[in-house]
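S.K.: Just dropping this structure here.
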Amino acid sequence: MRVDFYQLGDASPDGIIAAIAGKLLAEDQRLLVVAGDEALLARLDRQLWDQGAASFLPHAIAGGSDDSRQPVLLSSADDAPNLARNILIADGEWRDSALGFERAFFLFDSDTLEGARLAWKLLAGREGVERHYWANDGGKWVEKG
């Protein structure tokens with residue numbers, strides 16, 4: 001299981017979420033995007049719709065009748081009715097349930113930095129967990145650890 005920590009810095013979470021979702025969809029994979037904040041989920045929903053016709057990212061907010069068919073599902077819960085093996089935690093609040101997925105993308109900013117540091121330390125001793133740390137360096141994501 002792999003966990004990618006993304007320190008947002010000045011970067012908008014919307015852009016990195018769209019990039020990760022697009023990459024996974026190109027690989028025929030599914031994604032569950034989790035955030036406890038309904039306003040954040042609504043903003044992400046709009047952002048994914050606004051990618052333009054050439055780069056539309058099919059998705060939905062959880063709670064519909066077609067959740068199981070959605071390649072990208074936005075949800076406040078961490079279960080994956082779309083059978084996603086990838087989870088993206090968009091609100092900076094680590095959830096241990098992410099360890100039940102093949103890959104987790106954990107986005108955090110300065111407000112959630114301490115929680116991210118704690119999650120990094122706690123995952124250090126977990127068998128079968130591979131950690132990666134990414135930071136935005138001048139608009140480009142660079143692996144730092």
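The values are calculated or read from the model by the stated rules, or taken from the named source; none is laboratory data. Note that this is a predicted model, so its numbers are computed, not measured. Cβ sites come from the backbone with ideal geometry, for glycine too, and all protein chains shown count toward neighbours. Quick note on the areas: whole protein, heavy atoms, side chains included, nothing else; ligands and nucleic acids left out. Shrake-Rupley method; radii C 1.70, N 1.55, O 1.52, S 1.80 Å.
S.K.: Pick from 67, 111, 37: which residue has the top mean-square fluctuation in a GNM of the chain where Cα pairs under 10 Å get a spring?
M.R.: Looking only at 67, 111, 37, the largest GNM fluctuation is found for 111.
S.K.: Of all the accessible heavy-atom surface of the chain, with the other protein chains kept in place and a 1.4 Å probe, what percent is carbon and sulfur?
M.R.: Here carbon and sulfur together make up 48 percent of the probe-accessible area.
S.K.: Can I get the semi-axes of the range 14-117's equivalent ellipsoid? Compute them from the C-alpha gyration tensor as square roots of 5 times the eigenvalues, in angstrom, largest first.
M.R.: Equivalent-ellipsoid dimensions as semi-axes: 20, 15, 13 Å.
S.K.: Classify the range 89-140: rounded, prolate or oblate, from the alpha-carbon gyration tensor (a ≥ b ≥ c, eigenvalue square roots; a/c under 1.5 rounded; otherwise prolate if a/b is larger than b/c)?
M.R.: Values: a/c = 1.68, a/b = 1.49, b/c = 1.13.
The shape class here is prolate.
S.K.: Taking GluC sites (Glu not before Pro) as candidate sites, keep only those in a DSSP loop with at most 12 other Cβ atoms within 10 Å, then name the longest stretch of the chain containing none of them. Could you put the intermediate results ahead of the total?
M.R.: Numbers: sites that count: 27, 102, 127.
Longest site-free region, per DSSP loop and neighbour criteria: 28-101.
S.K.: With each label point set 7 Å from Cα along the Cα-Cβ vector, what nm distance links residue 78 and residue 37?
M.R.: Going by the 7 Å Cα→Cβ label model, 1.9 nm.
S.K.: Once you have the Cα-Cα distance between residue 10 and residue 28, take 0.36 nm times their residue separation minus that, and quote the gain in nm to one decimal.
M.R.: 3.5 nm
S.K.: List the trypsin sites (Lys or Arg not before Pro) within the range 91-128 that DSSP assigns to loop and that have no more than 13 neighbouring Cβ atoms inside 10 Å.
M.R.: Answer by residue number: 126.
S.K.: If the chain between residue 66 and residue 137 were fully stretched, how many nm would it gain, using 0.36 nm times the residue separation less the Cα-Cα distance?
M.R.: 21.7 nm
S.K.: How far, in degrees from 0 to 90, does helix 113-124 lean away from the longest principal axis of the Cα atoms of the chain, to the nearest 10?
M.R.: With both axes taken from Cα atoms, the answer is about 70 degrees.
S.K.: Per residue, how large is the accessible surface of the range 82-145? Use a 1.4 angstrom probe and give square angstrom.
M.R.: Computed with neighbouring chains in place, this is 57 Å² per residue.
S.K.: If you line up the long axis of helix 38-49 against the longest principal axis of the chain, both from Cα atoms, how many degrees apart are they, to the nearest 10?
M.R.: Rounded to the nearest ten degrees, it is 60.
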